[in-house]
Every structure is written in C-alpha cells, then in structure tokens.
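Student: The structure is given below, and queries will be raised subsequently.
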Amino acid sequence: MINRLSLRFKITFVVTIIIILISTILTITSVHNANIIFLPTVNSINLKDNNEPTYKLGDKPINDSINRDVMYKESIDIGSLSHNFKYNAVLYMIIIIFAGSILIYFILGKMLNPVKKFSKQIEIINEYQLSDRVSGFNSCEELGELQKSFNSMLDRLDRAFESKKRFSSDAAHELKTPLAVLKNSLDVLEIDENPSEEDYKYTVDIFKKQTERMISLVNNLFTMSEQKDYHFNDTVDINIIINDIINDLSKEIEDKSLSINIYGKSLSVKGNSVMLNHAISNIIQNAVKYNNKNGSIDIITEEVDKKCIITIKDTGVGIEKGKEKEIFEPFYRVDTSRSRKIGGAGLGLAITKDIISRHGGGVSYTPNESGGSIFEITLPMIKI
C-alpha cells in the first residue's frame with residue numbers, strides 16, 4: 001500500500017511525523033516549565049487547633065485574612081491561566097502541524113514539478129523516436145546528471161537498434177541473393193524447350209551450392225543469436241582444439257599445399273568448448289581459404305601475464321589498410337566478388353569476436369609484414 005503512494009505524499013508524511021514529534025516535545029517542555037516557573041501553588045492547607053486553615057504560598061505562611069483571600073483568588077486565576085495555557089499550547093501545536101503539513105505538501109509539489117516534466121519527456125520517447133533526447137534540466141544538478149545518463153542510455157539503445165536493423169537487412173540480402181540465383185537457374189531451364197542432361201546437372205550443381213550457402217548462413221545466424229544459452233564451465237585445452245581444426249581442414253590444406261606450423265605449449269582456459277572451437281576455427285578457415293598456393297600458416301600459443309595468447313599468421317591476401325576494424329562487423333567482406341566466389345557471408349569474424357568477448361577476452365588484427373594477416377586471440381587463463 002505504502003509503495004503505491006507518490007513520492008510527494010511519502011515525503012510529506014515523513015516530514016509531518018517529524019513536525020509532530022518536535023511540536024509534542026516543545027509543548028510538553030513549555031507546559032512543564034510554566035508549571036515550575038510561573039504557577040505559584042498552595043503547597044498545603046494546615047488546620048490549627050481552632051480548625052482555621054493556615055495557607056502557605058511557597059514557603060511563606062499567610063496569616064492575614066485579606067491577604068489570604070487575595071492570594072486565594074490569585075491562585076484560582078493562575079490555575080485557570082495554567083489550564084488555558086495547556087489548552088492553547090495543544091491547540092497551537094495541532095494548528096502548526098496541520099498548516100505545516102499542507103505547506104510542505106504544496107512546496108514539494110513545486111519542487112517536484114521538474115521531475116514531472118522529466119517524466120513526461122520520457123513518456124514521449126518510444127522505439128520509433130529513439131533519436132529524441134531529454135533536455136532543459138541542466139540547471140538542476142541532480143536532474144542534470146539524470147538527464148545526461150538517460151540520454152547516454154538512449155544513444156546506446158539507438159546504436160543497438162540501428163545495428164539490429166542493419167543486421168536484419170544484411171541477413172535478408174544474403175538470403176535473397178542465393179534465392180535469386182536459384183530462380184534464375186530455373187528460369188533458364190524453363191526457357192530451354194529441350195534441356196540436356198548437362199543442363200540439368202549444371203542446375204542441380206547450382207542448387208546444391210546455393211543451398212549449402214543458405215544453410216551455412218542460417219547456422220551462423222543461429223549461432224550469433226543463441227550464444228547466451230551456452231554454459232562456460234568447460235576446461236578447454238587450446239592445443240587440442242587447434243589440432244582438431246587442422247585435421248578437419250586437411251583436404252583444403254592439401255589442395256593448396258599449405259605449410260602448417262604449430263608452436264608453443266599446451267594451455268587451458270575456462271569456457272565453452274564448442275563455442276571456442278567455432279571461434280578459432282573461423283580464423284584458421286579464413287587463413288586457409290584466403291591463402292596463396294604453397295603458402296604457410298603459423299599458429300603460436302603462449303602465456304603472457306596470466307593470459308592465453310593465440311596468434312595465427314598467414315601468407316594470404318591480407319586486409320586493405322584502414323579496414324582493420326570493419327572486418328569484425330557482421331556481413332563485412334574485404335572483397336565481395338571474391339567472397340561470393342569462395343563462399344561466405346562475412347559473419348565468421350563477427351561471430352569470433354562475439355564468442356571471445358563473452359569469454360572475457362579479445363581478438364585483434366595486424367598486417368603481416370611479409371604479406372598476409374596476423375590475428376591474435378586473448379583469453380583469461382584458468383586460475384589455479
């Protein structure tokens with residue numbers, strides 16, 4: 001129930017309680033002091049032997065009958081004043097509490113007006129208006145900081161949405177291209193009234209290649225979207241993964257007569273073995289795919305500052321200068337025509353970067369001085 005109340009009401013309630021406590025303490029103190037200082041009391045009425053009362057005012061006896069009558073009336077007046085003082089003190093206390101609560105409520109309303117304006121500006125912003133920003137609160141220190149943080153969050157969301165939109169558009173384009181090729185092949189086959197067996201074989205071959213391309217693309221998209229569901233508790237031997245990848249690529253390596261050199265000791269990291277295999281495999285596959293005939297690939301594993309460093313050097317075509325950062329973006333290809341001929345949608349390095357980042361590491365590129373590329377993967381070592 002209390003949690004549903006407005007901030008304005010909550011603050012008013014708390015301050016009112018404080019006012020009540022302070023007012024009560026002050027009233028009780030005032031009444032007590034008035035009784036001690038200002039209220040003369042008849043300490044006692046003693047009867048003498050003749051049964052006539054002897055009045056004492058404080059420590060002084062009152063023997064004179066006139067003085068007794070006067071002092072008696074004064075004591076009655078003072079008693080009445082004491083009663084009125086107590087009544088008025090309580091009354092004024094209630095008035096102060098009531099008036100103070102109302103005043104605080106309205107003052108808080110004025111003070112919280114900027115917060116209401118801030119809230120209204122936020123309500124206007126939605127997924128279709130992420131370019132809008134909250135403004136007009138720089139004069140207020142707290143709201144100014146909140147405005148800065150909120151706009152910063154909107155910037156990140158805007159970039160994320162744009163990235164998702166671009167990713168979806170690129171994915172649709174990549175799927176559209178092989179479908180267009182398939183349709184064109186069917187159209188050509190349909191035009192020919194008497195297609196030969198070779199025509200059918202050629203069309204089937206195109207269908208097979210384009211289907212494999214779409215399956216690869218869908219698998220990569222699935223990998224990027226489902227990584228969050230994987231666990232990261234495996235003890236992964238990096239050298240075993242590298243050797244398995246080299247064995248899987250043995251035919252491609254043999255076709256290009258590539259020289260594979262593996263250096264370094266066996267290192268283990270904590271993570272997901274399947275995902276790490278995928279990440280490292282993407283880079284080694286590229287090193288094989290885009291390498292020159294009779295080229296070489298050097299793979300070095302080493303431990304530096306309690307980190308596992310995997311360096312992959314190739315003697316291939318390399319990356320155009322100035323494009324080093326772009327190669328890790330989804331669907332980016334250095335040479336579009338070459339990539340389409342060889343195969344690939346430009347998702348491999350983006351997936352690698354994402355997987356390595358999820359493992360608390362990083363991946364970087366530098367050009368090989370002798371030609372080709374150098375990729376360096378950094379992963380945290382297992383704490384022993």
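Student: Counting DSSP beta bridges with both partners in region 230-380, what percentage is antiparallel, nearest 5? Before the final figure, lay out each step's value.
Tutor: On the way: 25 of 31 bridges.
If we restrict to bridges inside region 230-380, about 80 percent are antiparallel.
Student: Give me the one-decimal nm value for the distance between modelled label points at Asn239 and Ile191, 7 Å along each residue's Cα-to-Cβ direction.
Tutor: Result for the modelled spin labels: 5.9 nm.
Student: Next question. Tell me, Arg213, Arg159 in order of fewest to most beta-carbon neighbours within 10 Å? Working shown, then result.
Tutor: Numbers: Arg213 19, Arg159 11.
Least crowded to most crowded, the residues run Arg159, Arg213.
Student: A further question follows. Quote to one decimal, in nm, the extra length available between Thr29 and Lys110 on full extension: 0.36 nm per residue of separation minus the C-alpha distance between them.
Tutor: So the chain would gain 25.7 nm between Thr29 and Lys110.
Student: Could you put Lys183, Lys289, Lys10 in order, starting from the residue whose Cβ has the fewest other Cβ atoms within 10 Å?
Tutor: Ordered from fewest to most neighbouring Cβ atoms within 10 Å, Lys183, Lys289, Lys10 come out as Lys183, Lys10, Lys289.
Student: Could I ask something else about it? Once the Cα gyration tensor of region 230-380 is diagonalised, what are the square roots of 5 times its eigenvalues, in whole Å and ordered largest first, as equivalent ellipsoid semi-axes?
Tutor: So the three semi-axes of region 230-380 are 23, 18, 15 Å.
Student: Can you sort Met153, Met381, Met93 by how many other beta carbons sit within 10 Å, fewest first?
Tutor: Numbers: Met153 10, Met381 16, Met93 19.
Placing the least packed residue first, the sequence is Met153, Met381, Met93.
Student: Greater than 21 Å separation of Cα atoms is the criterion. Which listed pairs, Lys116/Lys164; Lys10/Lys110; Lys164/Lys289; Lys164/Lys353; Lys165/Lys208, meet it? Don't skip to the answer; put the middle values down first.
Tutor: Numbers: Lys116/Lys164 32 Å; Lys10/Lys110 15 Å; Lys164/Lys289 29 Å; Lys164/Lys353 17 Å; Lys165/Lys208 30 Å.
Among Lys116/Lys164; Lys10/Lys110; Lys164/Lys289; Lys164/Lys353; Lys165/Lys208, the Cα-Cα distance tops 21 Å for Lys116/Lys164; Lys164/Lys289; Lys165/Lys208.
Read-outs: derived from the displayed coordinates by stated rules, not from any lab. No experiment lies behind these values; they were computed from the predicted model shown. Every residue, glycine as well, gets a Cβ built from its backbone with ideal geometry; the counts of neighbours run over all protein chains shown.
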